[in-house]
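Quick notes on the structure that follows.
The values are calculated or read from the model by the stated rules, or taken from the named source; none is laboratory data. These figures come from a predicted structure and were not determined experimentally. Note that we place each Cβ from the backbone using ideal geometry, even for glycine, and neighbour counts take in every protein chain shown. Side chains included, ligands, DNA and RNA excluded: accessible areas come from the protein's heavy atoms. Shrake-Rupley method; radii C 1.70, N 1.55, O 1.52, S 1.80 Å.
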Amino acid sequence: MTDGCIRALAEAIHSSPTQAVLHLSGGASQALGMLMSVPGASNTVLECLIPYSRMSMIQLLGKVPNQFVSRQTAEEMALVAYNRALKISKPGSPVLGVGFTGSLVTSRPKLGDHRFHLSTRTSNRLWISTVTLAKGLRNREQEERVSSHVLLKVGDPWGMNASIYIEMLAIADACKVPETFVSELTEDEVPNECEEHFDENQELEQLLSGKICFKVYPFSTETPTSDMERKIILSGSFNPLHEGHVKLLEVAASIFGDGYPCFELSAVNADKPPLTVSQIKDRVKQFEKVGKTVIISNQPYFYKKAELFPGSAFVIGADTVVRLINPKYYGGDYEKMVETLAGCKRTGTVFLVGGRNVDGVFKVLEDFEIPEELRDMFIPIPPESFRIDISSTEMRKNKGI
């Protein structure tokens, strides 16, 4: 493997639209250096964590794994990385979670195998690979530098970590980049691989169960730029979606400035049964018809949405402000209300507030007394810029639904 070969692979990965979060433990750390040493790494690498200690791994997974070096642990690391990538990636970008856990040569003899497990997770694919290295064949440095030569053997071969070889292949494969190098693992060190593909129904079932945090349907033809990483989100049940929703989001985006406008439908409701997969798919079709991006989440509360979409601007009506600042919805505790919203503020959340009828009276943001420490979170949408009194509830009543 030559520097030029690695560079060509890294450049190809960086030119793909996929953005990744990597969780690496026990090896493969050079893979990050290989990716980061080539210009354009910020297009691909969102974040990398190295949970090397026992407690670090436990905190990452939120539990004590049955085995710290296992296929299951690698798979769980990849899933956590995938959900993290969803939260911090550019809106609509394909994302990848990578999990690696290994047990290589150490300063003391190992009773078990020298092995590593690697998993990658995308929206519709889970891939897992296990490699058991020939024990005693290499020292630590050699085990970290299992090499492959380029077609023309010029000068000394540049070796690369066996685990990095598999990982780079995994990332390249997930990014749909053709392979550009060959491994020199021995015949007995053949990777044991398996993969699972998910259809749309399975993805949505995983969302409803809480396994994945949200799913994006990027129907918008607008491509996010570096200035549009912040989302401008209009949340609702959209039963049905109507022109008032579309117009409100457009006006909010024009007022807020840089940001990626999208809708968010929560499949889980605080007061009603969760939507079925069929219901979700029916509502998604509405956004496809109008060419607007919609995110399907499993969080009905704004303080949870703030964690799910950090740094976002949520577009809400005055009727929602009533509930947000009412201690009644926080167990009657005013301080709890302030602290909850302050927590949203710490994520970078703001609220763009449009006028709505509240108990038969049209109200705007200025009609409410917002706690002083929270006022800069709320931005008014002037009624002269937007006022449509239509509602989904009224539309259903008029249709007898």
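What FRET efficiency comes out for GLN142 versus GLU200 if R0 is 51 angstrom and r is the Cβ-Cβ distance? Round to the nearest 0.05.
0.65
Where Lys and Arg each count +1 and Asp and Glu each count -1, what net charge lies around ASP319 among other residues with Cβ under 10 Å from its Cβ?
Surrounding charge for ASP319 is +2.
Rounded if a/c is under 1.5, else prolate if a/b is larger than b/c, else oblate: which is the chain, with a ≥ b ≥ c the root eigenvalues of its Cα gyration tensor?
In terms of gyration-tensor shape, prolate.
So how tilted is helix 277-290 from the main axis of the chain? Cα-based, degrees 0 to 90, rounded to 10.
80 degrees
What are the ³J(HN,Hα) couplings of the range 204-221, residue after residue, when phi is run through the Karplus curve with 6.51, -1.76, 1.60 and θ = phi - 60°? Round to Hz, x for glycine and proline.
Karplus values, whole Hz, x for Gly and Pro: 5, 5, 5, 5, 4, 7, x, 5, 10, 8, 6, 10, 9, 10, x, 6, 5, 7.
Given a 1.4 Å probe and every protein chain left where it sits, what share in percent of the accessible area of the chain is carbon and sulfur?
Carbon and sulfur together cover 49 percent of it.
Which percent, nearest 5, of DSSP beta bridges in the chain are antiparallel?
Antiparallel: roughly 50 percent of the beta bridges in the chain.
Under the rule of -39500 (n - 2.57) per DSSP H run of 4 or more residues, summed and divided by the residues of the chain, what mean residue ellipticity at 222 nm is obtained, to the nearest 500 deg cm²/dmol?
The helix-only estimate for the chain comes to -10000 deg cm²/dmol at 222 nm.
Would you mind checking the pairs LYS211/LYS289; LYS247/LYS336; LYS176/LYS281; LYS176/LYS215; LYS90/LYS363; LYS272/LYS363 and listing those with alpha carbons more than 23 angstrom apart?
Over 23 Å Cα-Cα: LYS211/LYS289; LYS247/LYS336; LYS176/LYS281; LYS90/LYS363; LYS272/LYS363.
Where is the GNM fluctuation largest for the chain (alpha-carbon springs, 10 angstrom cutoff): GLY112, GLY33, GLY317?
GLY112
How far apart, in nm, are two points set 7 Å out from the Cα along the Cα-to-Cβ line at ASP271 and at GLU339?
Placing both labels 7 Å beyond Cα along the Cβ direction yields 2.6 nm.
Let me make sure I get this right: for the range 307-373, a, b and c are the square roots of the gyration tensor eigenvalues over alpha carbons, sorted descending. Under 1.5 in a/c it's rounded, otherwise prolate if a/b > b/c, else oblate. Which is it?
oblate
What accessible area, in Å² to the nearest ten, does a 1.4 Å probe give for GLU307?
100 Å²
So, R0 is 22 Å and r is the distance between the beta-carbons of LYS110 and ILE50; what FRET efficiency does that work out to, to 0.05?
0.60
Which net charge results for the neighbourhood of GLY236, defined as the other residues with beta-carbon distances under 13 angstrom from its beta-carbon, given Lys and Arg at +1 and Asp and Glu at -1?
+2
Which shape class, rounded, prolate or oblate, goes with the range 201-399 when its Cα gyration tensor gives a ≥ b ≥ c as root eigenvalues, a/c under 1.5 marks rounded, and past that a/b bigger than b/c marks prolate?
Taking the square roots of the gyration eigenvalues as a ≥ b ≥ c, the range 201-399 is rounded.
Subtract the Cα-Cα distance of GLU384 and ASN124 from 0.36 nm times their separation in residues, and report this length gain in nm to one decimal.
Length difference between fully extended and current span is 89.2 nm.
Using 0.36 nm per residue, how much length does the chain from ALA12 to ASP319 gain when fully extended, once their Cα-Cα distance is taken away?
Between ALA12 and ASP319, full extension yields an extra 105.6 nm.
Rank VAL361, VAL315, VAL350 by mean-square fluctuation in a GNM of the chain with C-alpha springs under 10 angstrom and give only the top-ranked residue.
It is VAL361.
Any chance you could check the Cα centroid distance between the range 273-309 and the range 321-395 for me, in angstrom?
If we compute the Cα centre of each part, the gap is 21 Å.
Please compute the per residue accessible area over the chain with all protein chains in place, 1.4 Å probe, rounded to a whole number of Å².
Heavy-atom SASA per residue in the chain reads 49 Å².
Just add up the charged neighbours of GLN279: K/R +1, D/E -1, any other residue whose Cβ is under 12 Å from the Cβ of GLN279.
Charge balance in the 12 Å sphere: +3.
If I take R0 = 25 Å and measure r between the Cβ atoms of VAL290 and ASN239 in this structure, what FRET efficiency does the formula 1/(1 + (r/R0)^6) give, to the nearest 0.05?
0.95
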